[in-house]
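Step one of this worksheet: look at the structure below.
The values are calculated or read from the model by the stated rules, or taken from the named source; none is laboratory data. Values in this document were obtained by computation on a predicted structure and should not be read as measured data. Note: ideal-geometry Cβ built from the backbone for every residue, glycine included; neighbour counts use all protein chains shown.
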Amino acid sequence: MAETAVAPFARWRQPSVPLLLWAAVALGLLAAANIGALQVQWRDWGAALTDEPLSGSAHVLWHLRLPRVLLALAAGAMLGLAGALTQALFRNPLADPGLLGVTSGGTCAAALALTVFSGLHWALPNSARMWVLPVAAFVGTLGVTFALDRLARWLAPGSVAGLLLTGLALSAITMAVVGFCSFVATDEQLRNLNFWTMGSLAAASWKLLLVLGGALLLAAGTAHRVAPLLNALALGDAAAAHVGVNVSRLRKQMLVLVALLCALAVAWCGLIGFIGLMAPHMVRQLVGADQRRVLPLSMLTGALLLLVADTVARLVAIPAEVPVGIFTALIGGPWFLMLLRRRMQEQS
């Protein structure tokens, strides 16, 4: 009787999750684009279709608010996917690019590019300058990701605590470098560094969205292709290799993909934590552990979480703006403690 009663609910619930998430994202987009310090009218949405120059609230909508809303969705999707891939790669539900120092590595490299090596930035042509921080962040995140993988497997293979402590140590090292950069920075450089350490979506633009949108589509396609391989990897390296998975190659590909996703998010949005931890957990509670569903739904959930956090950050202290990283940390910190307690109870 219990099985027959639960099965129809399970069959109804799982297919409805993507529809509900898409609906929530669409409603969140409309709400976030319409509310703020300057109220947007519905007629402003059609102003871009006319030949007249945009002014007033229509200009705010199309040149400021809508790019920012879409940047929140793109960056949140990247962080959600990076978190889901990290947890699948390390077979650890507590793994998160922020907690393990991966995003800190990107922030560290970006801080060095902004301060110690700032002269190189101005030596490049204008067309290449927008890529300085993404490339630097990618190098930093990639280096920390590979270091974490090697050190965790060497120091404490299979240990949750060992993985978290290794990530904590790497994060402390990279943030110490950020502190040194803050010490030697000029006033203008120091203001830019504050942006990286607290997170903000104020740098949104349509040109940036084209770059992030293209990268996100490529990452989503790669994730769709490797999802069955990650399901096999969940059984262990030996079992995955037995069914034909090239574990070493898959691990390297996923490390590079996670580093790229985190680098793009960090380069233009700063240090935003806990999105990659919360999104996959919420998805697994609804649809189970199949990576073919977890990966795409983690993108949607991460996009929704960051959109809500950024909207609150814009509204809570109008006309001032609170850094969005503060809100994600306030929510994600207690969430992580709850997950850690549950994990320890399961192991005891």
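Can GLY276 be described as touching a Pro at 6+ places or on another chain (Cβ under 6 Å), under 21 Å from LEU70 (Cα atoms), modelled with pLDDT under 95 and of a type outside the set (S, T, N, Q)? Judged against the criteria, GLY276 is a match. Looking only at residues in the range 154-182 that are farther than 16 Å from ARG91 by Cα and of a type in the set (Ser, Thr, Tyr), the one that is farthest from the chain's Cα centre (by Cα) is SER182.
When the residues of the range 84-120 are filtered to those that are farther than 23 Å from THR197 by Cβ and among the polar types (S, T, N, Q), the one that is surrounded by the most Cβ atoms within 10 Å (Cβ to Cβ) is GLN87.
Looking for whichever is within 23 Å of ARG341 (Cβ to Cβ) and assigned to a helix (DSSP H, G or I) here; the options are ALA169, ALA109. Which one fits? Break it down stepwise before answering.
Numbers: ALA109 fails: within 23 Å of ARG341 (Cβ to Cβ).
When all the criteria are applied, what remains is ALA169.
Can you confirm whether ALA176 is part of a helix (DSSP H, G or I), without any contact (Cβ under 8 Å) to a residue 24 or more places away in the chain and within 17 Å of VAL102 (Cβ to Cβ)? So ALA176 passes the test.
Filtering the range 185-206 to residues that are at pLDDT below 90 and part of a helix (DSSP H, G or I) leaves ASP187, GLU188, GLN189, LEU190, ARG191, ASN192, LEU193, ASN194, PHE195, TRP196, THR197, MET198. Can you name every residue in the range 318-346 that is without any contact (Cβ under 8 Å) to a residue 60 or more places away in the chain, over 24 Å from LEU27 (Cβ atoms) and not charged (D, E, K, R)? Across the range 318-346, the qualifying residues are ALA320, ALA329, GLY333, PRO334, LEU337, MET338, MET344, GLN345.
Within the range 56-81, the set of residues being over 15 Å from TRP268 (Cβ atoms) and part of a helix (DSSP H, G or I) comprises SER57, ALA58, HIS59, VAL60, LEU61, TRP62, HIS63, LEU64, ARG65, LEU66, GLY80, LEU81.
Residues that are in contact with a Gly (Cβ under 6 Å, 6 or more places away or on another chain) number at least 2 in the following helices (runs of 4 or more DSSP H) confined to the range 231-328: 247-269, 275-287, 291-315.
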